[in-house]
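Visitor: Next up is a structure, given as structure tokens.
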């Protein structure tokens with residue numbers, strides 16, 4: 001996720017993609033150790049059963065929420081995954097919920113993938129999922145005006161107060177970047193709070209080259225269609 005989004009609101013609004021918990025349970029089945037990049041508030045990590053669980057996220061407030069959720073079942077570290085060097089290796093490294101799209105440049109993405117590879121045991125696997133960007137990238141109209149107004153998307157309850165969640169987005173097709181602003185307006189008349197998520201996406205065709213540059217090859221990939229949209233799930237191994 002993008003640092004600076006209020007952690008309590010992020011947890012309430014961003015609840016994952018349909019089926020992602022099952023995917024990561026399957027991928028990590030039998031693993032003795034799992035490292036999650038971009039662990040957020042611990043939603044995925046808390047569903048896993050490996051004896052050694054470690055999660056990292058750049059947002060310290062989210063890491064605190066993850067630690068409260070997981071207790072002594074996992075070690076949580078507030079740090080930058082682009083420069084991650086824990087000095088230990090894992091059977092699985094995972095990056096759920098479009099974590100890799102939160103990296104703002106090609107260099108940042110490569111640094112993170114290299115860090116993921118550095119933290120894998122021999123025979124280990126790297127798994128991640130992202131929203132499937134290909135159809136959007138090819139079919140969206142680049143001449144559409146940028147969204148100036150917030151549009152309602154859902155309601156959530158945080159600390160007993162209902163919030164209307166509104167969204168607006170801007171798209172830079174050339175940079176393959178989507179900027180999404182969220183506004184959370186409490187029903188009790190309190191001040192609204194805003195959050196922003198910036199996604200620099202890649203397409204399925206670009207993926208093999210991106211992974212190869214970091215020393216990975218695809219073992220398995222697939223696009224899953226859900227009521228929330230399409231998701232690309234990938235399992236890769238070091239080469």
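Visitor: From the list 134, 159, 181, which one is buried (at least 16 other Cβ atoms within 10 Å of the Cβ) and out of contact with any strand residue (DSSP E or B) (no Cβ under 8 Å at 6 or more places or on another chain)?
Guide: Every option except 134 fails the conditions.
Visitor: For the stretch 10-30, give me each residue that is within 30 Å of residue 164 (Cβ to Cβ) and either exposed (fewer than 13 other Cβ atoms within 10 Å of the Cβ) or within 14 Å of the chain's Cα centre (by Cα) (or both).
Guide: The answer is 10, 11, 13, 14, 15, 16, 17, 18, 20, 21.
Visitor: In the list 72, 80, which residue meets the criterion of being farther than 23 Å from residue 228 by Cα and free of Cβ contacts under 8 Å to residues at least 12 places away in the same chain?
Guide: So the residue among 72, 80 that is farther than 23 Å from residue 228 by Cα and free of Cβ contacts under 8 Å to residues at least 12 places away in the same chain is 72.
Visitor: Going by what's in this entry, would residue 111 be described as out of contact with any helix residue (DSSP H, G or I) (no Cβ under 9 Å at 6 or more places or on another chain) and within 23 Å of residue 201 (Cβ to Cβ)?
Guide: No: the conditions fail for residue 111.
Visitor: If you scan the stretch 11-61, which residues turn out to be assigned to a strand (DSSP E or B) and touching a helix residue (DSSP H, G or I) at 6+ places or on another chain (Cβ under 6 Å)?
Guide: Within the stretch 11-61, 34, 36, 37, 53, 55, 56, 57 meet the criteria.
Visitor: Is it true that some residue in the stretch 84-97 is part of a helix (DSSP H, G or I) and closer than 30 Å to residue 175 by Cβ?
Guide: Scanning the stretch 84-97 turns up no residue that is part of a helix (DSSP H, G or I) and closer than 30 Å to residue 175 by Cβ.
Visitor: Any residue at all in the stretch 101-115 that's at pLDDT 95 or above, under 30 Å from residue 52 (Cα atoms), touching a strand residue (DSSP E or B) at 6+ places or on another chain (Cβ under 6 Å) and crowded, with 16+ Cβ neighbours inside 10 Å?
Guide: Yes, because at least one residue in the stretch 101-115 is at pLDDT 95 or above, under 30 Å from residue 52 (Cα atoms), touching a strand residue (DSSP E or B) at 6+ places or on another chain (Cβ under 6 Å) and crowded, with 16+ Cβ neighbours inside 10 Å.
Visitor: Here's something else I'd like to know. Does any residue of the stretch 194-215 turn out to be assigned to a strand (DSSP E or B), farther than 17 Å from residue 99 by Cβ and touching a residue at least 60 places away in the same chain (Cβ under 8 Å)?
Guide: No: zero hits.
Visitor: From the list 92, 75, exactly one residue is buried (at least 21 other Cβ atoms within 10 Å of the Cβ), over 21 Å from residue 197 (Cβ atoms) and touching a strand residue (DSSP E or B) at 6+ places or on another chain (Cβ under 8 Å). Which is it?
Guide: 92
Visitor: Please give the number of the condition residue 166 fails out of (1) within 16 Å of residue 133 (Cα to Cα); (2) free of Cβ contacts under 8 Å to residues at least 24 places away in the same chain; (3) not assigned by TED's automatic domain parsing to the domain that holds residue 120.
Guide: The one condition residue 166 does not meet is (1).
Visitor: Against the conditions (1) in the same structural domain as residue 179 (by TED's automatic domain parsing); (2) within 20 Å of the chain's Cα centre (by Cα), where does residue 150 fall short? Just the number, please.
Guide: (2)
The values are calculated or read from the model by the stated rules, or taken from the named source; none is laboratory data. All values reported here derive from a predicted model rather than from experimental measurement. A quick note on method: Cβ atoms are made from the backbone with ideal geometry, for glycine too, and the neighbour counts reach across all protein chains shown.
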